[in-house]
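What follows is a short report on a single structure.
We did not get these values from a lab; they are worked out from the coordinates using the rules stated. Fair warning: this is a prediction, and the values are worked out from it, not measured in the lab. Because the Cβ atoms are built from the backbone with ideal geometry, glycine has one as well, and the counts that use them run over all protein chains shown.
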Amino acid sequence: MTTVAVQSMADRLGFARSSSGSCVCVGLDPDLSKMPVNDVFEFNRAIIDATQDLVAAFKPQFAFYEAMGRAGFDALEKTIRHIRDVAPHAFVVADAKRGDIGNTAEAYAKAMFEFWGADAVTVYAYQGSDSVLPFLEYGDHGVFVVCRTSNPSSVEVQDIVDERTGDMVYEALAKRMIGLSDSGNVGLVVGATFPRELASLRTLFPESPFLIPGVGAQGGDAAETARLGAENILINSSRGIIYASQSASDFDEAARRAVEDLRGEIALGRR
């Protein structure tokens, strides 16, 4: 296995993308009502094994594991360890959406990077830079700041206009947060379901890491998203991949086919 010295989140992301030839991120969102097997770790293991050579990243959504209590945390720990064992190239995003200040933010950062061993974590930054800076103390890790989210009601807050600057809330947030790091350790979460806003933010920040949810089950267009460029982006699909089949006999094979289909859509968008 080829090893490289990595110095930042952007470096890690670039290595994951070049190693896999992919910008696909698989969201690991275990829902007991949809899973065709009852063991969360075994479900995740099968998905990871079936897709690891095709994807750049995996994104466990912490809420699903927290809802299961201790058993969920055990499954999450095993899942991240398995990713490291079978897909050492893969970028791991802790989709935990943490947001606080001071020693609480420091504790969140320690948990995400020292205990869970993630490469990056999703964070809310509406408390300002105080809620992000503790994560940036880990120079080889980073954050994806929740910016322009994929849900329809996001416009209720994120489209409010700042009369001083003329920027919408999500634009002002992006400009302030990206400026906290000049080494690529701050990225943005921007939903594919708002392609015009996504394109605008990509024009403003062409080199910054973007985590782009919303394709697949939420209806975002992967090909249109891919036209924004290949560098430093992760296009995430969760339900569209892991629940491509709900049959115990072929859910892993169906997940692989779903990733192949998504890669095909992305390739089409880049022609």
In nm, spacing of pseudo-spin labels at Asn151 and Glu114 (7 Å Cα→C-beta vector): 3.2
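Normalised by the empirical 2.2 N^0.38 Å for globular proteins, what value does the Cα Rg of the chain take? Don't skip to the answer; put the middle values down first.
Details: Rg = 17.6 Å, N = 271, 2.2 N^0.38 = 18.5 Å.
Output field value: 0.95.
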Quick one: length gained pulling Ala199 to Glu253 fully straight, 0.36 nm per residue minus the C-alpha distance? 16.1 nm
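Calculate for the chain the 222 nm mean residue ellipticity that helices alone would give, adding -39,500 (n - 2.57) per DSSP H run of length 4 or more and normalising by residue count, nearest 500 deg cm²/dmol. The partial results should precede the final answer.
Working: 12 runs with 111 residues, N = 271.
Calculated from helices alone, the mean residue ellipticity at 222 nm is -11500 deg cm²/dmol.
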Which residues' amide hydrogens lie under 5 Å from the amide hydrogen of Gly220, considering only partners 5 or more residues apart or on another chain, with H built in the peptide plane? Val215
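Can you sort Leu201, Leu28 by how many other beta carbons sit within 10 Å, fewest first? Let's see the in-between values first.
On the way: Leu201 23, Leu28 27.
If I rank by nearby Cβ atoms, fewest first, I get Leu201, Leu28.
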Alpha-carbon centroids, segment 66-119 and segment 213-271: separation in whole Å: 23
Figure the gain on full extension for Glu224 and Arg70 (residue separation times 0.36 nm, minus the Cα-Cα span) and round it to one decimal in nm. 51.4 nm
Between Arg81 and Gln246, take the C-beta separation as r, use R0 = 30 Å, and let me know the FRET efficiency to the nearest 0.05. 0.70
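Hey, got the dipole for the chain? About the Cα centre, +1 on K and R Cβ, -1 on D and E Cβ, debye to the nearest 20?
Working: 25 positive and 37 negative charges, 70 e Å.
Here the size comes out at about 340 debye.
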